[in-house]
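Here is the structure we will look at.
The values are calculated or read from the model by the stated rules, or taken from the named source; none is laboratory data. Keep in mind the model is a prediction, meaning the values are calculated, not measured. Here the Cβ is made from the backbone with ideal geometry for all residues, glycine too, and neighbour counts use every protein chain on show.
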Amino acid sequence: MSEFTMEKGADGVAIITWDIPGKSMNVLTLDGAAQLDAAIDDALADDAVKGIVITSGKDAFAGGMDLNVLAGMKEDGAQGVFDGVMSLHHMLRKIERAGMEPKTNKGGKPIAAALPGTAMGIGLELPLACHRIFVADNPKAKIGLPEIMVGIFPGSGGTTRLVRKLGVMGASQYLLQGKSVDPKKAKSAGIIDEVAADPVAAAKEWVLSEPKIVKPWDEKGYKMPGGAPYHPAGFQTFVGANAMVNGQTWGAFPAAKALLSAVYEGAMVPFDTALKIEARWFTSVILNPSSGAMIRSLFLNKEALEKGANRPDVADQTVKKVGVMGAGMMGAGIALVSAQAGIEVVLIDQKQEAADKGKAYVETYFEKGIKRGKSTPEKAKAALDRINATTDYNALSDADLIIEAVFEDVGVKAEVTKNVEAVVPEDCIFATNTSTLPITDLAKASKRPEQFIGIHFFSPVEKMALVEIIKGAETGDRAVAKSLDYVRQIRKTPIVVNDARFFYANRCIIPYLNEGARMVAEGVEPALVDNAARLLGMPVGPLQLIDETSIDLAIKIATATKQALGDKYPADNKPVDDLMMALYNDGRLGRKSNAGFYSYDEKGKRTGLWDGLDALTPTLDDQPDVTEVQHRLMFAQVLEAVRALEEGVLEDIREGDVGAILGWGFAPWSGGPFSWLDILGAEYAAERCDQLAQKFGPRFSCPDLLRDMASKGQSFYGRFGPEAAAA
Ligand code: NAD
């Protein structure tokens with residue numbers, strides 16, 4: 001199959017077109033790389049060819065590397081990855097040198113990249129090796145190197161070239177944050193060279209103009225913008241960059257550290273040696289289990305879930321009109337994301353002013369977006385025009401989905417359900433956004449429990465990417481399909497779980513918060529608790545998170561759980577409950593009262609841990625080892641995830657992993673709770689459970705499933721992954 005084709009024009013320009021048949025986006029495959037290499041050899045050797053233009057036959061240039069290439073390289077271990085990467089370096093270096101004399105830089109043929117649209121990952125690394133990059137004036141195109149977001153870094157020369165082109169500071173946001181930008185911004189940042197109406201024509205003209213093609217770093221006396229490490233300014237930059245990366249990642253992300261090492265070490269040596277250094281660090285990152293787990297969860301599985309991996313086989317259920325009940329914090333956010341997705345919204349509250357307030361929230365959101373250049377007045381008007389804020393239930397007469405976000409009260413929700421069902425069409429699906437009440441119980445108020453479901457958003461709705469869909473005992477397939485189609489429309493990532501106390505995400509996060517508070521009650525230094533969590537890559541430590549979600553909410557949840565569980569309420573929660581109550585009685589409700597585990601200034605900025613904590617719970621003289629603190633925090637979460645799987649609340653471990661990272665920020669480098677346990681190995685994990693259970697209590701008891709896997713030498717993805725299911 002030909003992925004790259006070449007046409008030599010009478011004008012002396014060879015046009016190499018990348019166009020993989022039958023795919024909407026180009027990705028670089030091994031075959032493709034070999035074809036490109038051969039085409040370059042041919043064009044460089046042909047005297048009739050004066051210059052080369054590399055372009056794409058699609059709307060975009062390329063989306064990145066075919067992940068099978070990396071998987072293939074990994075089969076042969078470190079040497080296989082290193083050799084594979086070096087062969088790509090050789091090809092790209094051949095493009096960059098283009099037949100020039102090694103010493104004099106004389107001769108050679110100009111090679112330009114003409115990008116019709118998006119160029120990501122290797123799709124940008126290839127153009128960076130060319131002599132000039134032309135991009136179509138297409139504001140929707142994305143230019144960037146997003147590798148870091150899935151636990152790797154640009155390893156086909158992108159790191160070395162971008163740093164040499166922009167300097168360390170200039171390149172850092174693109175390399176370290178994986179930021180992508182539109183062509184105009186890419187030009188002003190210096191990543192690409194020209195934005196053109198017709199990039200191929202502009203590139204052709206340029207290659208025929210006998211341009212200078214030698215790259216600055218291949219010329220004598222090249223100096224890196226901003227200075228290399230041996231330059232005083234460059235040295236400062238590296239000190240700063242190192243501190244910044246560690247400040248942001250807490251050292252928990254192997255790819256960020258490796259990237260910085262590749263940049264630092266590469267900046268001190270000639271270009272070709274720098275490429276070798278880049279390849280070595282890239283190899284170490286690829287062989288680290290974190291990168292495989294991150295790619296699997298944050299790229300492959302996230303996409304599979306978004307495309308409906310677990311959608312029942314039911315006809316299209318695209319939502320046209322959604323009724324949002326309750327225009328409070330959640331209802332306003334749900335109205336916003338729905339209207340943004342082009343769905344008509346009826347936003348209902350008890351009083352007109354409450355409904356209007358919900359709509360005003362949407363308006364303010366857009367005003368801020370317009371100020372920041374992220375939205376336009378037209379988009380804002382279109383979205384606002386779609387929202388009918390009212391108290392009139394009759395406006396729901398043609399709604400096909402209802403999402404209820406009224407007070408968390410069974411009686412209030414039951415009444416709303418009945419009143420809504422009296423006016424909506426027979427086939428309308430009714431969803432509740434409850435965070436704690438069992439769906440099966442709420443469905444009792446419905447005449448049509450098979451059309452009743454949970455659609456659980458996280459706060460703030462417009463920011464959080466995960467939506468948890470919960471099936472009650474009687475929920476039917478069409479309700480699931482409708483919810484999944486809706487989540488696809490609003491461009492979020494869904495997981496589908498069965499009904500159980502706190503569903504999935506909150507079920508796992510509550511033990512994390514409790515374990516953090518429990519340690520403080522035991523006398524562990526609060527700073528040790530929160531810092532241990534950050535060092536694991538958790539975005540927020542448990543104590544800070546309790547402050548954010550509020551201490552009164554923690555007490556409310558504990559009280560409701562006690563009521564529901566009666567005698568079965570775990571005795572070891574008492575120290576946690578007592579500590580929360582002591583804080584509450586002190587008026588410390590968390591961020592909302594500007595006082596909690598942390599102290600805050602009058603503007604609400606955290607100023608440090610509250611110095612009164614020591615009087616409340618004296619700290620121990622002998623503090624535990626940081627790894628023990630981390631294991632308590634991690635096992636508290638992952639054992640809950642395993643129990644959710646054991647009990648059938650989770651049906652797919654992919655959802656457990658993706659949901660954990662997107663829902664509560666579970667250590668993304670690990671790929672999620674099940675991936676983390678796989679990295680640990682079931683045998684060691686079971687042994688560690690036994691040790692923790694013996695020392696800290698039965699909440700760490702090893703679940704039977706994990707024990708069974710340990711005895712059989714199984715991994716979660718081996719036993720429950722899609723490959724295992726297919727076998
Ligand atoms: P909120 O108090 O901000 O808003 C509730 C709104 O519902 C209020 O505007 C109220 O006037 C309105 N309301 C009450 N009874 C009504 C009725 N009979 N008819 C129409 N409107 C009525 O609460 P919230 O934080 O938006 O939470 C709403 C729901 O979402 C709750 O079930 C909550 O558990 C759930 N939830 C909340 C969060 C969160 O972080 N706040 C997260 C996930 C789910």
### Summary
Filtering the range 310-353 for residues that are more than 16 Å from the ligand (Cβ to nearest atom), over 18 Å from Arg386 (Cα atoms) and surrounded by fewer than 18 Cβ atoms within 10 Å (Cβ to Cβ) leaves a count of 6
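In the range 456-467, which residues are near the ligand (Cβ under 10 Å from one of its atoms) and touching a residue at least 60 places away in the same chain (Cβ under 8 Å)? Steps first, answer last, please.
Let us first name the residues in the range 456-467 that are near the ligand (Cβ under 10 Å from one of its atoms), namely 456-461, 464.
Listed by number, the residues that qualify are Phe457, Phe458, Ser459, Pro460, Val461, Met464.
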### Message
I'm checking my understanding of the structure. Among residues of the range 2-17 that are touching a helix residue (DSSP H, G or I) at 6+ places or on another chain (Cβ under 6 Å) and in a strand (DSSP E or B), which one is farthest from Gly32 (Cα to Cα)?
### Response
Val13
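Considering only the range 205-225, state which residues are over 22 Å from Lys276 (Cα atoms) and surrounded by fewer than 18 Cβ atoms within 10 Å (Cβ to Cβ). Even if it seems obvious, please write down each step before you answer.
To start, the set of residues in the range 205-225 that are over 22 Å from Lys276 (Cα atoms) comprises 205-213.
Across the range 205-225, the qualifying residues are Glu205, Leu208, Ser209, Glu210, Pro211, Lys212.
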### Query
Across the range 412-442, what is the total count of residues that are loosely packed, with under 15 Cβ neighbours inside 10 Å, more than 10 Å from the ligand (Cβ to nearest atom) and not hydrophobic (A, V, I, L, M, F, W, C)?
4
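What tally of residues in the range 360-370 results from selecting those that are in contact (Cβ under 8 Å) with a residue 12 or more places away in the chain and more than 12 Å from the ligand (Cβ to nearest atom)? Let's see the steps before the verdict.
Quick first cut of the range 360-370, residues in contact (Cβ under 8 Å) with a residue 12 or more places away in the chain only: 361-363, 365-367.
Next cut, more than 12 Å from the ligand (Cβ to nearest atom) only: 362-363, 365-367.
The total comes to 5.
Residue under question is Ala693, and the condition is that it be under 24 Å from Ala500 (Cβ atoms), free of Cβ contacts under 8 Å to residues at least 12 places away in the same chain and among the hydrophobic types (A, V, I, L, M, F, W, C); does it hold?
yes
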### Lone unmet requirement of (1) polar (S, T, N, Q); (2) buried (at least 19 other Cβ atoms within 10 Å of the Cβ); (3) under 22 Å from Met329 (Cα atoms) for Ser593
(2)
### Task
Please state which of the following conditions Phe407 fails to meet, knowing it meets all the rest: (1) under 32 Å from the mean Cα position of the chain (by Cα); (2) outside any loop (DSSP other than H, G, I, E, B); (3) within 18 Å of Gly358 (Cβ to Cβ).
(2)
### Task
Determine which member of the set Ala383, Ala395, Ala389 is under 26 Å from Glu415 (Cα atoms), assigned by TED's automatic domain parsing to the domain that holds Gln451 and crowded, with 20+ Cβ neighbours inside 10 Å.
Ala389
### Task
Please go through the range 112-138 and pick out each residue that is in a helix (DSSP H, G or I) and either out of contact with any helix residue (DSSP H, G or I) (no Cβ under 9 Å at 6 or more places or on another chain) or at pLDDT below 95 (or both).
Gly123, Pro127
### Query
What are the pairs, 6+ residues apart or on separate chains, where a residue within the range 444-455 that is in contact (Cβ under 8 Å) with a residue 40 or more places away in the chain and within 15 Å of Asp400 (Cα to Cα) has its Cβ under 9 Å from a residue that is part of a helix (DSSP H, G or I) and polar (S, T, N, Q)?
Ile455/Ser483
### Summary
Note on the range 656-675: residues farther than 13 Å from Ile295 by Cα, assigned to a helix (DSSP H, G or I) and touching an Asp or Glu at 6+ places or on another chain (Cβ under 9 Å) are Gly659, Gly663, Pro673, Phe674
### Message
I'm told Gly266 meets every condition in (1) under 27 Å from the mean Cα position of the chain (by Cα); (2) in contact (Cβ under 8 Å) with a residue 60 or more places away in the chain; (3) under 30 Å from Lys165 (Cβ atoms) except one. Can you identify the failing condition by its number?
### Response
(1)
### Query
Can you tell me which residues in the range 676-714 are within 24 Å of Arg534 (Cα to Cα) and in a loop (DSSP other than H, G, I, E, B)?
Gly681
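Would you mind listing the helices (runs of 4 or more DSSP H) fully within the range 156-255 where at least 1 residues are among the polar types (S, T, N, Q)?
Values: elements: 158-176, 183-189, 199-207, 232-249.
So the answer is 158-176, 183-189, 232-249.
Results for (1) under 27 Å from Asp83 (Cα atoms); (2) in the same structural domain as Asn242 (by TED's automatic domain parsing); (3) touching a Lys or Arg at 6+ places or on another chain (Cβ under 9 Å), shown as yes or no for each residue.
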{"residue": "Gly99", "(1), (2), (3)": "yes, yes, yes"}
{"residue": "Lys106", "(1), (2), (3)": "no, yes, no"}
{"residue": "Ile111", "(1), (2), (3)": "yes, yes, yes"}
{"residue": "Thr118", "(1), (2), (3)": "no, yes, yes"}
{"residue": "Ser156", "(1), (2), (3)": "yes, yes, no"}
{"residue": "Gln173", "(1), (2), (3)": "no, yes, yes"}
{"residue": "Asp182", "(1), (2), (3)": "no, yes, yes"}
### Query
Regarding Ile143, is this residue surrounded by 24 or more Cβ atoms within 10 Å (Cβ to Cβ) and in contact (Cβ under 8 Å) with a residue 60 or more places away in the chain?
no
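Does Gly373 count as at positive phi, at pLDDT below 95 and away from the ligand (no atom under 16 Å from the Cβ)? Even if it seems obvious, please write down each step before you answer.
Details: at positive phi: yes; at pLDDT below 95: yes; away from the ligand (no atom under 16 Å from the Cβ): yes.
When the stated conditions are applied, Gly373 passes them.
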### Query
Which condition number does Met634 fail, the rest of (1) surrounded by fewer than 24 Cβ atoms within 10 Å (Cβ to Cβ); (2) within 21 Å of Asp704 (Cβ to Cβ) being met?
(1)
#### Entry: Subset tally (residues that are β-branched (Val, Ile, Thr) and more than 10 Å from the ligand (Cβ to nearest atom)) for the range 378-411
4
### Task
Mind telling me which of the residues Ala554, Ala560, Ala533, Ala564 ends up being part of a helix (DSSP H, G or I), within 16 Å of the ligand (Cβ to nearest atom), assigned by TED's automatic domain parsing to the domain that holds Thr619 and within 15 Å of Glu515 (Cα to Cα)?
Ala554
#### Entry: the range 453-488: number of residues that are surrounded by fewer than 19 Cβ atoms within 10 Å (Cβ to Cβ) and of a type in the set (S, T, N, Q)
1
